[in-house]
Amino acid sequence: MDSPASQPDEPQQPVAGSPSDFLKNIVGKKVKVRIGSGIDYHGLLTCLDGYMNVALEDTEEWANGRLTAKYGDTFLRGNNVLYISALEDL
Amino acid sequence: MASTILPLELVDRCIGSPIWVLMKNEREFTGTLMGFDDYVNMVLKDVTEYEVTPEGITETGLGQTLLNGNNIAMLIPGGKGPRA
């Protein structure tokens, strides 16, 4: 057998503190998503994936410190996302 | 060469410690490194974001943050940010 032995003891949960662990814990929380151009989207994070594609509810668009728009549901494509920041404790 | 370590092993040794992240553009972050993945997407806590402009540096405080690795250029373990 050339293949390495499988490791049944290896946890299926992501490593604590890792990006995938963060993504798991942040769903359902209020977040601020900043995109590359510096515009912020504040809202309730309803779902997301490993590409950092994000769906927000009750979204506010903030640009240059001013509220510029409000949307009900928003989808942000992951390639534009600079960061996802929690607005409440995880 | 038992003493050589991979670049990402160095980053792994920074988990739990302060780190200074410089992006490809004029944006920088400091915070405590919680974790990262193979793309060097990073989870930071107690974050300060810096936007460096000719007029000066603007700071933004953030809670726990997942930083997209796509625009990260440089990591400085223990770095205190652009003001230090």
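The values are calculated or read from the model by the stated rules, or taken from the named source; none is laboratory data. Treat the numbers as computed from the prediction; the structure is a model and nothing was measured. Cβ atoms come from the backbone with ideal geometry, glycine included; neighbour counts cover every protein chain shown. Only protein heavy atoms, including side chains, enter the accessible area calculation; ligands, DNA and RNA are left aside. Shrake-Rupley method; radii C 1.70, N 1.55, O 1.52, S 1.80 Å.
Kindly compute the accessible surface that chains A and B hide from a 1.4 Å probe when together, both sides summed, and give it to the nearest 100 Å². Write out the running numbers ahead of the final one.
Numbers: alone 6360 and 5440 Å², together 10310 Å².
Interface between A and B: roughly 1500 Å².
With the full set of protein chains in place, find how many percent of the accessible area of the protein assembly as shown is carbon and sulfur; take the probe as 1.4 Å.
Values: 5330 of 10310 Å².
C and S atoms contribute 52 percent here.
Restricting attention to segment B:16-84, which GluC sites (Glu not before Pro) occupy a DSSP loop and are surrounded by at most 10 other Cβ atoms within 10 Å?
In loop regions of segment B:16-84 (DSSP not H, G, I, E or B), the sparsely surrounded GluC sites (Glu not before Pro) are B:Glu55.
How far apart, in nm, are two points set 7 Å out from the Cα along the Cα-to-Cβ line at A:Leu67 and at A:Lys24?
Computed distance between label sites A:Leu67 and A:Lys24 equals 3.6 nm.
So who's got an amide H within less than 5 Å of the one on B:Gln64, skipping anything under 5 residues away but keeping other chains? H placed 1.01 Å off N, in plane.
Distant-sequence amide H within range of B:Gln64: A:Ala86, B:Asp46.
Considering every residue in A:73-83, what mean count of other chain Cβ atoms within 10 Å of its Cβ is obtained?
Details: counts 0, 0, 0, 0, 0, 2, 2, 2, 4, 10, 13.
Mean inter-chain Cβ contacts per residue within 10 Å come to 3.
For the protein assembly as shown, what is the accessible area per residue in Å², given a 1.4 Å probe and the full set of protein chains? Display every interim value, and only then the final one.
Details: 10310 Å² over 174 residues.
About 59 Å² of surface per residue is accessible.
Need the per-residue list for segment B:19-45: every residue with at least 40 Å² less accessible surface in the complex of protein chains than in the chain by itself, probe 1.4 Å, sorted by number.
Hits at the 40 Å² cut-off: B:Arg27, B:Val43.
At 1.4 Å probe size, put B:Cys14, A:Cys47 in order of accessible surface, largest to smallest.
The ranking, largest first, comes out as A:Cys47, B:Cys14.
Once you've got the Cα coordinates, tell me which of A:Lys30/A:Lys70; A:Lys70/B:Lys45; A:Lys29/B:Lys80; A:Lys32/B:Lys24; A:Lys32/B:Lys45; B:Lys45/B:Lys80 are over 23 Å apart. Don't skip to the answer; put the middle values down first.
Numbers: A:Lys30/A:Lys70 15 Å; A:Lys70/B:Lys45 28 Å; A:Lys29/B:Lys80 29 Å; A:Lys32/B:Lys24 21 Å; A:Lys32/B:Lys45 14 Å; B:Lys45/B:Lys80 14 Å.
Check vs 23 Å cut-off fails for A:Lys70/B:Lys45; A:Lys29/B:Lys80.
Suppose only helical runs count, i.e. DSSP H with n ≥ 4. What mean residue ellipticity at 222 nm does that imply for chain A under -39500 (n - 2.57) per run, divided by all residues and rounded to the nearest 500 deg cm²/dmol? Working shown, then result.
Values: 1 runs with 8 residues, N = 90.
The per-residue figure over chain A is -2500 deg cm²/dmol.
Could you pull out the chymotrypsin sites (Phe, Trp or Tyr not before Pro) across segment A:21-90 that fall in loop regions by DSSP (anything but H, G, I, E, B) with no more than 12 other Cβ atoms inside 10 Å?
Here the chymotrypsin sites (Phe, Trp or Tyr not before Pro) that fit, given the DSSP loop and packing criteria, are A:Tyr51.
How about chain B: which chymotrypsin sites (Phe, Trp or Tyr not before Pro) there lie in a loop by DSSP and see at most 15 other Cβ atoms within 10 Å?
Answer by residue number: B:Tyr39.
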